[in-house]
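First the structure, in the form of structure tokens, and then the observations on it.
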2 protein chains.
Amino acid sequence: MVDEADFIARLRAIATHPAARGLDDDAAVLTVGSETLVMTHDTLVEGVHVLPEQDPADIAWKLVAVNLSDLAAKGAEPLGILLSHMLGAGDDRFVEGLHEVLDRYDVPLLGGDTVASPGPRVWGLTAIGRATHAPVPSRAGARVGDAIFVSGTLGAALAGFEAVRDGSDGDSAAYRRPVPLLADGQALAPLVTAMMDISDGLLLDARRMAEASGRTFAIDTRSVPIALPEDRREEALRWGDDYQLLFTAPESAELPVPAHRIGTVRSAGGHPLLLDGEPPEPGDTLGYEHRAPR
Amino acid sequence: MVDEADFIARLRAIATHPAARGLDDDAAVLTVGSETLVMTHDTLVEGVHVLPEQDPADIAWKLVAVNLSDLAAKGAEPLGILLSHMLGAGDDRFVEGLHEVLDRYDVPLLGGDTVASPGPRVWGLTAIGRATHAPVPSRAGARVGDAIFVSGTLGAALAGFEAVRDGSDGDSAAYRRPVPLLADGQALAPLVTAMMDISDGLLLDARRMAEASGRTFAIDTRSVPIALPEDRREEALRWGDDYQLLFTAPESAELPVPAHRIGTVRSAGGHPLLLDGEPPEPGDTLGYEHRAPR
């Protein structure tokens, strides 16, 4: 049996076209004639990525939003989506949520497939966009001396997840209905040196960007804005699903959108991350690579 | 609970963008700048669309080939694919088959997603192509007096399916490794009035094309080339998975590829199909809309 890392390594050996970006970015970036397409696909599995008790309308919203967030991270404007849907309970609600999210972001449903299966439900979504700025931001462009920014607060999705899980009346919107930062991504694309969306936790995704860029990211953890009490800061930095943008830019850049500076890019050192001057503790996973459910 | 037909009807109400073609064609057709993109997504479920005992290399081949066949039916040239993969046994063979089929048709792997689930395995694939001829053929353009053609023999996939199912040493390649007729589709696109690939059985797909075109298709069933003994003709006309092209063209058209004339387009009558002059028997499903496994 091939494990996930090995499987992806084997795929990477096939994915040699530059548009695939080594399967190491949020999206594929393909030039066709005079256009640059940005394409991404995410799959959600019931019990793994979504809670079985969730409203199917929220599942549809999230399925679309997480893919649009990948387009946002590349500064792309959405052109449309293809949906792979597995039939089951609550499909009327699913269509309602789908309609809401597509309407909200003005994205057309272009096609897809509908299947049935006796197993846990699985949904797939492909989003296609067009780049609004060339070169399209990657994870790999951070330069020594750049400032590191995050677009907004982290931890709101964790609080929302807990509210859904516990059936409490806390605000769960950040978890149920994440907001893809399309306008921010398009405004930032011309001046960032690297950009990605934070889906798996700030620290894990920052490490990925640092590794892709061949740099060390020195992060001042106390400067990261969080939506949780201070005693939960460490969790807020490691939980995902907030879909804020993480990006680097020259210190002198005049940012067109509000953002929080959280650190500085340094030349590669012993570890791709420095947290308040120290490398992470051994065994710190930094985020959620394989959690279930999330 | 919403059934499949009702679910798709609800999606259709959302999919109002012309690129979606009413969710009623083999692929979406989207104009972006000076390019016309052709996009399709198919999902395969273990136990429903593929046999659990199949070689994963053949599953990967089929997953890619059925999507490329949809591009072929629109005369499109493939630009790349996005893969949604569920981890499981035989993943090394899966990657080998994927590599083979992408290499064979010179199609780059651009991205996708890898997930795990305790349930039956599910694979999704999105293929993106560019149109080689405008307008891009649809299912809806057949005109009264046009000749109806099929690109090759039907029933070879059925024979192959039986060989796999029974573990016999019969030739199973047509079922295991279908061939997307990309060159044929591109050659035909400029002169057909309607075109689609035959995935669910000739007669069912011919009825769909007749309905989309608002015509009656009069088919001479004995003129259809089959790869099975004559006493299995009725099955060969109703079994799918052969991925031949079904198309209509003016009688005077000089076809650039070999094809078999199987009938004539007539104005709409009482039934969208006439088989040797008679409408199909009541209860004849004409093909396999919901078979499992297939």
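The values are calculated or read from the model by the stated rules, or taken from the named source; none is laboratory data. Treat the numbers as computed from the prediction; the structure is a model and nothing was measured. Using ideal geometry, Cβ is built from the backbone for each residue, glycine included, and neighbour counts are taken over all protein chains shown.
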Self-check item: Sole exception among (1) at pLDDT 95 or above; (2) within 30 Å of B:Leu51 (Cβ to Cβ) for A:Ala72, by number
Solution: (2)
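Residue-wise test of (1) closer than 21 Å to A:Ala72 by Cα; (2) among the β-branched types (Val, Ile, Thr).
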position: A:Arg208; (1), (2): yes, no
position: A:Ser213; (1), (2): yes, no
position: A:Ile219; (1), (2): no, yes
position: A:Arg222; (1), (2): no, no
position: A:Ala227; (1), (2): no, no
position: A:Glu234; (1), (2): no, no
position: A:Phe247; (1), (2): yes, no
position: A:Glu251; (1), (2): no, no
position: A:Ala259; (1), (2): yes, no
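Hey, among the residues in the range B:154-165 that are at pLDDT 90 or above and of a type outside the set (A, V, I, L, M), which one's nearest to B:Gly287 (Cα to Cα)?
Kept after step one, since they are at pLDDT 90 or above, are these residues of the range B:154-165: B:154-163.
Filter once more, so that each one left must be of a type outside the set (A, V, I, L, M): B:155, B:160-162.
Numbers: B:Gly155: 12, B:Gly160: 17, B:Phe161: 16, B:Glu162: 17 Å.
Checked the range B:154-165; the qualifying residue nearest to B:Gly287 (Cα to Cα) is B:Gly155.
Residues to consider are A:Leu102, A:Leu109; find the one that is within 13 Å of chain B (Cβ to nearest Cβ), in contact with a strand residue (DSSP E or B) (Cβ under 7 Å, 6 or more places away or on another chain) and over 29 Å from A:Pro258 (Cα atoms).
Result: A:Leu109 is the single residue among A:Leu102, A:Leu109 that is within 13 Å of chain B (Cβ to nearest Cβ), in contact with a strand residue (DSSP E or B) (Cβ under 7 Å, 6 or more places away or on another chain) and over 29 Å from A:Pro258 (Cα atoms).
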Self-check item: Every residue from the range B:24-48 that is over 30 Å from B:Leu87 (Cα atoms), outside any loop (DSSP other than H, G, I, E, B) and within 7 Å of chain A (Cβ to nearest Cβ)
Solution: B:Leu30, B:Val32, B:Glu35
Quiz item: What single numbered condition from (1) surrounded by fewer than 23 Cβ atoms within 10 Å (Cβ to Cβ); (2) under 17 Å from the mean Cα position of the chain (by Cα) fails to hold for B:Thr36?
Solution: (2)
Self-check item: Residue under evaluation A:Gly80, criteria (1) closer than 17 Å to A:Leu98 by Cα; (2) more than 8 Å from every other protein chain (Cβ to nearest Cβ); (3) assigned to a strand (DSSP E or B), criterion not met
Solution: (2)
Self-check item: the range A:8-23, residues that are in a helix (DSSP H, G or I) and either outside the structural domain of A:Ala73 (by TED's automatic domain parsing) or in contact with a Pro (Cβ under 8 Å, 6 or more places away or on another chain) (or both)
Solution: A:Ala19, A:Ala20
Exercise. Return the residue satisfying two criteria in turn: it lies in the range B:128-161 and is out of contact with any helix residue (DSSP H, G or I) (no Cβ under 6 Å at 6 or more places or on another chain) and charged (D, E, K, R), and of such residues it is surrounded by the fewest Cβ atoms within 10 Å (Cβ to Cβ).
Key: B:Arg143
Quiz item: So how many residues does the range B:118-127 have that are facing chain A (nearest Cβ under 7 Å) and either within 17 Å of A:Leu23 (Cβ to Cβ) or in contact with a Ser or Thr (Cβ under 9 Å, 6 or more places away or on another chain) (or both)?
Solution: 5
Exercise. Could you run through the range A:83-99 and say how many residues are within 7 Å of chain B (Cβ to nearest Cβ) and part of a helix (DSSP H, G or I)?
Key: 5
Exercise. Would you check which residues across the range B:1-23 are surrounded by 14 or more Cβ atoms within 10 Å (Cβ to Cβ) and facing chain A (nearest Cβ under 7 Å) and list them?
Key: B:Val2, B:Glu4, B:Phe7, B:Ile8, B:Arg10, B:Leu11, B:Ile14, B:Ala15, B:His17, B:Ala19, B:Ala20, B:Leu23
Quiz item: Are any of the residues in the range A:220-238 surrounded by fewer than 16 Cβ atoms within 10 Å (Cβ to Cβ), of a type in the set (Lys, Arg), in the same structural domain as A:Gly201 (by TED's automatic domain parsing) and part of a helix (DSSP H, G or I)?
Solution: yes
Quiz item: Any chance the range B:111-127 includes a residue that's under 21 Å from the mean Cα position of the chain (by Cα) and surrounded by fewer than 23 Cβ atoms within 10 Å (Cβ to Cβ)?
Solution: no
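Please state which one of B:Val164, B:Val179, B:Val101 is under 30 Å from A:Ala15 (Cβ atoms) and either surrounded by 24 or more Cβ atoms within 10 Å (Cβ to Cβ) or assigned by TED's automatic domain parsing to the domain that holds B:Leu51 (or both).
Numbers: B:Val164 fails: either surrounded by 24 or more Cβ atoms within 10 Å (Cβ to Cβ) or assigned by TED's automatic domain parsing to the domain that holds B:Leu51 (or both); B:Val179 fails: either surrounded by 24 or more Cβ atoms within 10 Å (Cβ to Cβ) or assigned by TED's automatic domain parsing to the domain that holds B:Leu51 (or both).
Residue meeting the stated conditions: B:Val101.
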Practice problem: State which residue is farthest from the chain's Cα centre (by Cα) when the search covers only the range B:150-202 and only residues that are of a type in the set (Ser, Thr, Tyr) and part of a loop (DSSP other than H, G, I, E, B). | Solution: B:Ser168
Practice problem: Report whether or not B:Asp70 is more than 23 Å from A:Leu71 (Cβ to Cβ), more than 7 Å from every other protein chain (Cβ to nearest Cβ) and free of Cβ contacts under 8 Å to residues at least 12 places away in the same chain. | Solution: no
Quiz item: Does A:Asp205 fit the bill of being at pLDDT 95 or above, among the acidic types (Asp, Glu) and either within 19 Å of the chain's Cα centre (by Cα) or buried (at least 16 other Cβ atoms within 10 Å of the Cβ) (or both)?
Solution: yes
Practice problem: Restricting attention to the range A:131-149, report how many residues are part of a loop (DSSP other than H, G, I, E, B), of a type outside the set (Val, Ile, Thr) and under 19 Å from the mean Cα position of the chain (by Cα). | Solution: 6
